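Any read-out appearing in this document is the output of simple, stated calculations on the displayed coordinates, not a laboratory observation. Computed from a predicted structure; not experimentally measured. Positions of Cβ are backbone-derived with ideal geometry, glycine not excepted, and every protein chain shown enters the neighbour counts.
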Amino acid sequence: MVVFTNRPDFDECSICFEKMVDEVSADNPFVALRCGHAFHVHCLSRHIGDAAKGRCPFCRADITEDDLEDILDSHYVTPDGTVYENGRKVRSEWPDGRIGFYEGERGAERLVRIEWPDGTKQFYEGEPGAERSVRDECPSSATRFYEGERGAERKVRIELPDGRIGFYEGERGAERVVRIEWPDGRIGFYEGEPGAERLVRDEWPDGTKQFYEGPRLAERKVRVEWPDGRIGFCEGERGAEQIVRSYEGVVRYKRLRTRAIAGRIGPDL
């Protein structure tokens, strides 16, 4: 077997019957078998697949094992933009500018990454044919994380450039934010339908809790609970809430009263 990369003595590929004279290159080589028939490498590789098909597809002459290895280990680019190195698919280029990267043994290559023209990168995991999206990296916005089987991946987390991390629940396409963690240690909890999630509670690293009411983007603080047991009630417009009354030791009082009722301490508090 001889692999040519310049003008051949053959006019067309014996598999696809397309002209080879003007299109042969280092990325698009062809092979001339010992029987005299010529083929594009990508056409012959697809036909052979494995040693069980080690015959010329035109005349059925045997292809030696050494020649089979040379063919299957070739470097070439198929007409659809798929790049093979040492017989393994390593990259695909699509008309919309996407580039897909593959890893794995020959015949079992799996998609591991897609790069978009805008710089976005999508990462995949899973067995060949069942690769699922696990992460998107957008250079100017956020990194999104996904879980679930192929075709049913759902967003579970988003990491923003300012350090915020959002957590999501729900089925694919109907994910809703349930929690946001801030760089300062604050954790916000949310309720509501997708796209209408509203803040209902903030928890701070020192144990303080703030409670909110109102529709999305118009939530106002209505109650504050401090670690020492104080509770403050707030009124006023969003951003201008003021504590109008508060209680001290409410948490401790309720705990002692509950224990008294249960008979674990005397009735006199």
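How much length would be gained if the chain were fully extended between Asp228 and Glu181, taking 0.36 nm per residue of separation minus their Cα-Cα distance, in nm to one decimal?
In short, 14.6 nm is gained.
Put a dot 7 Å past each Cα toward the Cβ at Glu193 and Tyr247; how far apart are the dots in nm?
Taking the simple label geometry, Tyr247 and Glu193 are separated by 3.6 nm.
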